[in-house]
Every structure is written in structure tokens, then in C-alpha cells.
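Heads up: the structure comes next, in C-alpha cells.
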Amino acid sequence: MALKIRVYPDAVLRRRAQPVTQITDELRKFADALVETMVLAKGYGLAAPQVGVLQRIIAMDVEQDFYVLINPEILWASDERIIGIEGCLSIPGVEAEVERPCQIRVRALNLDGQEIVLERDDLVARVLQHEIDHLNGILFIDHLSQAKRLTLLKEYERLKKAPKKSKAKVSL
Ligand code: ZN
């Protein structure tokens, strides 16, 4: 069952998500719904707070596979940084260049409760960072200069009144 994606400026997007303490059947059902919602919305990733659930769970559709990560933590990020285009399912219709570390290492639990470590670069590293930001109430627009953020939000408000004009291709 697809869930409703919360959009900016919904206050839930600014709250910090709580760690998952137990992986239950209910949580697995929620994870399925999170993945389904992401796929229907054609996003590369979706974090639980984006559907109003303040728990540290993210879904990703990358590398021809779906990942659900529980309590993901960034263990290491490269000093080398790279600029890439980002959009967000919670700020639909707009996108911007965001600079982030090229490569990161993330530790998380999978849905079986096993610890996994992912080391990724390029788009997957970007999706991971973007989704983990969501768990901390951070949005991609927070990484922009104030001038760029204001321009982007003005465009977003304009598009909200004429929603068919969206041209963003990279939604995370
Ligand atoms: Zn997002």
C-alpha cells in the first residue's frame, strides 16, 4: 500500500527520527510500503520521515536492487567532494547542484537484523547521504547558499500553484 509523501514545508520533515529498537513484522510491513511508495513515485530513495514516520529507516532503489537500511550511520566520508544534481520527493519539481563527499562508508542493519557495511561512491553515495540527512531533519536545500535556496523555494512555490510544470528528474 502506497503511503502519502509529506511535502515541504511539512514540519515532520524537520524532526529527528528515532533509532529502531526492534525489527518486528510490523516494521517489515512498513518497509515494504516504503519501498512501494518510492517505486511508484520514481525516486532513488525515500526516508521514513518523508511519509511521516519518525524512525531511522531508509529505502533505496539503486544498483538494480532495493535496499532497506535500518539505523544507518555514516562511518567515514571522503575529503574529496563532488557536485551533483539533486531533487527530493518532498520538494517536488525543483532540483539543484549539491556538493557532498564523493565516497562514504555506512553501517546499518538489514531487515533480518544483520549488520551490513556499504562503501559506495557516485550516485549511491549521494542517495545515502541525502536519505540519512532526512533522518536528521536535514533537506538538500540546507546545503545550498542562502541566495540559491531562496531562488529555489520561490520556484517551488510557483510550481505548487501550477504542478504540471515539474521538470526535475533526480528525486531522492
Ligand atoms: Zn529527499
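The values are calculated or read from the model by the stated rules, or taken from the named source; none is laboratory data. Not measured: the values here are computed from a predicted model. A quick note on method: Cβ atoms are made from the backbone with ideal geometry, for glycine too, and the neighbour counts reach across all protein chains shown. Side chains are part of the model used for accessible areas, which takes the heavy atoms of the whole protein and leaves out ligands, DNA and RNA. Shrake-Rupley method; radii C 1.70, N 1.55, O 1.52, S 1.80 Å.
Enumerate the calculated ³J(HN,Hα) couplings along the stretch 39-49 in order (Karplus 6.51 cos²θ - 1.76 cosθ + 1.60, θ = phi - 60°), each rounded to whole Hz, writing x wherever the residue is Gly or Pro.
Result, rounded to whole Hz: 5, 4, 8, 6, x, 7, x, 8, 10, 3, x.
Sorting H143, H134 by accessible area (1.4 Å probe), largest first, what list results?
Solvent-accessible surface, decreasing: H143, H134.
With springs only between Cα atoms under 10 Å, which of D112, D121, D133 fluctuates most in a Gaussian network model of the chain?
D112
For V39 paired with E80, estimate the spin-label separation in nm (one decimal), with each label point 7 Å from Cα along the Cα-to-Cβ line.
With each label point 7 Å from Cα toward Cβ, the separation is 3.5 nm.
On the full set of protein chains, 1.4 Å probe, figure out the accessible area of T37 and give it in Å² to the nearest 10.
Taking all protein chains as shown, T37 has close to 10 Å².
If eta is 1.306 mPa s and T is 10 °C, what Stokes-Einstein diffusion coefficient results for the chain, Kirkwood Rh from Cα pairs, in µm²/s?
Reported coefficient: 98 µm²/s.
Of the candidates Q50, Q22, Q129, which one comes out as most mobile in a Gaussian network treatment of the chain with C-alpha springs shorter than 10 Å?
The residue that fluctuates most here is Q22.
Could you run the Karplus curve 6.51 cos²θ - 1.76 cosθ + 1.60 with θ = phi - 60° over the stretch 70-85 and give me ³J(HN,Hα) per residue in whole Hz, x for Gly and Pro?
Per-residue couplings from phi come out as 9, 6, x, 10, 7, 8, 7, 9, 5, 5, 5, 10, 9, 9, x, 7 Hz.
With a 10 Å cut-off between alpha carbons and a GNM built on the chain, which of V51, V106, V62 moves the most?
With Cα springs under 10 Å in the chain, the top fluctuation among V51, V106, V62 is at V62.
Would you please give the residues with an amide H less than 5 Å from that of I82, counting only those at least 5 places away or on a separate chain, with H modeled from the backbone geometry?
Amide H neighbours of I82, under 5 Å, 5+ apart: R100, C102.
Give me the accessible area per residue for the chain, probe 1.4 Å, as a whole number in Å².
54 Å²
At a 1.4 Å probe radius, carbon and sulfur cover how many percent of the accessible area of the chain? Provide the component values of the computation, followed by the final result.
Numbers: 4660 of 9310 Å².
Of the solvent-accessible surface of the chain, carbon and sulfur hold 50 percent.
Near K148, which aspartates and glutamates are there with a Cα under 20 Å away, not counting those fewer than 8 places off in the same chain?
Of all the aspartates and glutamates, those that pass the test against K148 - Cα under 20 Å, at least 8 places apart if same chain - are E86, E95, E97, E99, D133, E157.
Of the peptides 98-104, 85-91, 75-81, how do they stack up when ordered by the mean number of other Cβ atoms within 10 Å, highest first?
Details: 98-104: 17.7, 85-91: 23.0, 75-81: 11.4.
So the peptides 98-104, 85-91, 75-81, ranked by packing, come out 85-91, 98-104, 75-81.
Give the long-range amide H neighbours of V170: residues separated by 5 or more places, or on another chain, with amide H under 5 Å away, using H modelled in the peptide plane at 1.01 Å from N.
G87
Given Cα pairs under 8 Å that are at least 6 residues apart, what percent is the relative contact order of the chain?
25 percent
If you take every DSSP beta bridge whose two residues both sit in the stretch 31-172, what share of them, in percent to the nearest 5, is antiparallel?
95 percent
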